[in-house]
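Below is one structure, written out as structure tokens; the observations come after it.
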Amino acid sequence: MDEVTIYHNPACGTSRNTLGLIRNAGIEPQVIEYLRTPPDRATLLSLIAAMGVPVRDVMRAKEPRYAELGLADADDAALIDAMLAHPVLINRPIVVTAVGTKLCRPSEAVLDILPQPQRGAFSKEDGEPVVDAAGNRIV
């Protein structure tokens with residue numbers, strides 16, 4: 001079975017839904033609560049490179065600390081430094097599989113990189129159906 005890792009915040013509904021979808025595929029991932037165990041610089045840079053997204057896409061601009069630190073016009077190096085100093089600024093959840101690495105917002109984005117199919121129906125915490133009883137993604 002392929003290893004799956006999720007950089008998870010249990011206080012975040014999107015992160016909880018993503019974890020639920022991973023488990024609905026019969027996978028028990030490595031769960032890294034990144035607020036308790038933040039990634040180091042090399043890991044954060046590696047995740048961003050693997051996702052192929054701009055650094056700013058991994059930044060939680062809605063987080064109050066973002067405004068407090070004046071990061072709206074910051075360059076990539078300053079954004080990385082801020083995320084390392086304040087992990088709450090890292091957007092979540094980030095999921096790593098053999099298929100790829102992705103910031104899973106919305107949570108169903110994880111379906112694109114899971115190495116195994118869904119095993120049954122899944123609805124988000126708010127009741128929105130994502131996967132039907134046959135394990136197929138609901139569009």
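Since every read-out is calculated from the coordinates, none of them should be taken as a lab result. These figures come from a predicted structure and were not determined experimentally. Reconstructed Cβ throughout: ideal geometry from the backbone, glycine too, with neighbour counts over all protein chains shown.
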Can you tell me what percent of all Cα-Cα pairs in the chain are more than 27 Å apart? 21
Which whole-Hz ³J(HN,Hα) couplings does segment 40-51 yield from phi under the Karplus relation 6.51 cos²θ - 1.76 cosθ + 1.60, θ = phi - 60°, glycine and proline marked x? 7, 4, 4, 5, 4, 5, 5, 4, 5, 5, 5, 6
Amide H proximity to V130 below 5 Å, modelled H, separation 5+ or other chain, gives F122, S123, K124
How high is the relative contact order of the chain, in percent, with contacts defined as C-alpha pairs under 8 Å that are six or more residues apart? 29
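With all distinct Cα pairs included, what does the Kirkwood hydrodynamic radius of segment 18-80 come out to in Å, to one decimal, could you say?
Details: mean 1/r = 0.0725 Å⁻¹.
The Cα-based Kirkwood calculation yields 13.8 Å.
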Estimated D of segment 82-139 in µm² per second, where Rh is the Kirkwood radius over Cα pairs and Stokes-Einstein applies at 25 °C, 0.890 mPa s: 191
If I model a spin label as a point 7 Å beyond the Cα along the Cα-Cβ vector, how far apart are those points for E63 and L45 in nm? 2.0
Simple spin-label model, 7 Å along Cα-to-Cβ: L84 to A134 in nm? 5.0
Simple label model, 7 Å out from Cα along Cβ direction - A109 to E28, nm: 2.8
Can you give me the long-range amide H partners of M59? Hydrogens built in the peptide plane at 1.01 Å from N, cutoff under 5 Å, separation of 5 or more residues or another chain. N91
With angles folded into 0 to 90 degrees, how steeply does helix 76-85 sit against the dominant principal axis of the chain? Use alpha carbons for both and round to 10. 80
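With a cap of 14 neighbouring Cβ atoms within 10 Å, and only residues DSSP puts in a loop, list the trypsin sites (Lys or Arg not before Pro) found in segment 5-38.
Working: sites: R16, R23, R36; in loops: R36.
Counting only loop positions with at most 14 other Cβ atoms within 10 Å, the trypsin sites (Lys or Arg not before Pro) in segment 5-38 are R36.
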